[in-house]
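The structure appears right after this line, and notes come after that.
The values are calculated or read from the model by the stated rules, or taken from the named source; none is laboratory data. Nothing here was measured: the structure is a model prediction, and the numbers come from that model. Glycine also receives a Cβ, built like all others from the backbone with ideal geometry; neighbour counts cover every protein chain displayed.
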Amino acid sequence: MKQLLIEDHTADYVFISIVLRSGSLVDPGGAEGMAYLAANTLLLGTREMPRAVFLDELDYLGASLDVSVGKESVILEGEVISRNLDPFIKLLGDVIKFPALSVDEIEKLKRRTVAELEQIRDNDEALCAVFHGRHMWGNHPYGRPGKGTSATIGAIEHGSIASFLTAHVRDSNLIVAAAGHIEPAQLNDLVTRYLAGIPGEATTIPVLSTPTPAKGVRVFLVDKPERTQTQIMWGHPCIHAGHADYFPLMTANTAFGGTFTARLMREIREKRGWSYGATSRVGVDRQTGSFTMGYAPATKDAVAAIRLGHQLLETFVFEGPSAEELEFSKSYLTNAFPFRIETAAKRLGQMLETELLARPSNFVETYVQNVEAVTLEKAAEAVSRHIQPANITLTVVCTASDIEPELRSWDKVCELHVVPYDQM
């Protein structure tokens, strides 16, 4: 069980994260959402402490506790005043080792999860993200819905959640990370006393390859009635966190669509007023990543905005960023970075992310140096190698009949599909 620590004795509180190196990628086939449900059962109490009593105990300690689920990790994170750290860690240890797994509480959790999934239909931005992830990744494991679907959540049984936790809550699979008013010996003592006895080896996360982007411009219209505004997302699979081109590509993308004054925002928002926001992102994980860009024009401007977005991307890939754009991007990134590590909790977050993404241990210390080392040539080469406007997926939440005919006549499109919005 690995331990990470950021000491900060200027404040009388401690942030704690217990990390499981297993996320939604290890969901069994047909049981998407298993990791999500299993992780959230850790907020439902212990064998000796039902949910209501468990929540009362958290309140008594003045502590907070939440859980997040990613593709490759589950993070149980909380905060407590330092004098209550001992009982708080004991509580976390009991939750990890002896979760309540109440049938009634799990059924309530499943119903809440299904309700949350169904609510996505009313949020066009979230709806677009769900469909875009599915279509961009295709059959790749990253295309599976991390939170599951109404059908898969409904089919997951109590016993399978217990089996999932037994398989993945393993000593070698855990990280305990702390920041604040705590010393190394104290953390080690708490881990030894309250997290000892967890079995050793865990099921490993499958090794994945970055998929090759599908050929051509593929369009998926998520058909929803009476839309006066659209949600547009472009994207394709891209580099992983440890790739040698990470800094050149990330810095170049910041110039294209990573700030409020970037090229994409200027053209879509400032010059034409088509969308309040227009952004692009290079998102990375340990094994793969993606390039995405998005904006939300009115239906009457959607096709023009789609054509312009693609044209801007083609030009950016062909020419790369300008010298002025790159210098602004580097200045923005280096000047903003101190705010990402200004507190002990933020520094711990960076340390934990470095560990989970298998980045070099000095990633944070050398971040500014690596950004400053990006040249115009390196940025242009990275963009040319990894951004592919000719092989990209476009997802649009819209009323399909409003824009389908015009999009079908666009010579860039190699295939176009209309998908009902309620078939999530």
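Quick rundown of the values:
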read-out: Scan of the stretch 271-313 for residues that are in a loop (DSSP other than H, G, I, E, B), closer than 29 Å to residue 354 by Cα and of a type outside the set (S, T, N, Q), ordered by number; value: 285, 286
read-out: Counted residues, the stretch 380-407 - those being of a type in the set (A, V, I, L, M) and assigned to a loop (DSSP other than H, G, I, E, B); value: 2
read-out: Complete set of residues in the stretch 366-387 that are farther than 17 Å from residue 331 by Cα and surrounded by fewer than 18 Cβ atoms within 10 Å (Cβ to Cβ); value: 377, 381, 384, 385
read-out: Index of the failed condition, residue 408 passing every other in (1) in contact with a strand residue (DSSP E or B) (Cβ under 7 Å, 6 or more places away or on another chain); (2) surrounded by fewer than 18 Cβ atoms within 10 Å (Cβ to Cβ); (3) under 20 Å from residue 294 (Cα atoms); value: (3)
read-out: Residue 413 being more than 30 Å from residue 301 (Cβ to Cβ) and in contact (Cβ under 8 Å) with a residue 12 or more places away in the chain; value: no
read-out: Per-region count, the stretch 5-33, residues more than 17 Å from the chain's Cα centre (by Cα), within 23 Å of residue 168 (Cα to Cα) and buried (at least 24 other Cβ atoms within 10 Å of the Cβ); value: 2
read-out: Condition check for residue 358: at positive phi, surrounded by fewer than 18 Cβ atoms within 10 Å (Cβ to Cβ) and either in the same structural domain as residue 409 (by TED's automatic domain parsing) or not hydrophobic (A, V, I, L, M, F, W, C) (or both); value: yes
read-out: Qualifying residue in the stretch 254-266 (condition: among the β-branched types (Val, Ile, Thr) and surrounded by fewer than 22 Cβ atoms within 10 Å (Cβ to Cβ)); value: yes
read-out: Every pair of residues 6+ apart whose Cβ atoms lie under 6 Å, when the first sits in the stretch 98-126 and is touching a residue at least 40 places away in the same chain (Cβ under 8 Å) while the second is surrounded by 14 or more Cβ atoms within 10 Å (Cβ to Cβ) and basic (Lys, Arg); value: 105/51
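Yes or no, residue by residue, for (1) at pLDDT 95 or above; (2) within 23 Å of residue 357 (Cα to Cα); (3) among the polar types (S, T, N, Q):
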position: 145; (1), (2), (3): no, yes, no
position: 156; (1), (2), (3): yes, no, no
position: 169; (1), (2), (3): no, yes, no
position: 178; (1), (2), (3): yes, yes, no
position: 184; (1), (2), (3): yes, no, no
position: 188; (1), (2), (3): yes, no, yes
position: 204; (1), (2), (3): no, yes, yes
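Let's see how each residue does on (1) β-branched (Val, Ile, Thr); (2) under 23 Å from the mean Cα position of the chain (by Cα); (3) in a loop (DSSP other than H, G, I, E, B); (4) closer than 23 Å to residue 323 by Cβ:
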residue: 222; (1), (2), (3), (4): yes, yes, no, no
residue: 233; (1), (2), (3), (4): no, yes, no, no
residue: 248; (1), (2), (3), (4): no, yes, no, yes
residue: 255; (1), (2), (3), (4): no, yes, no, yes
residue: 264; (1), (2), (3), (4): no, yes, no, yes
residue: 269; (1), (2), (3), (4): no, no, no, no
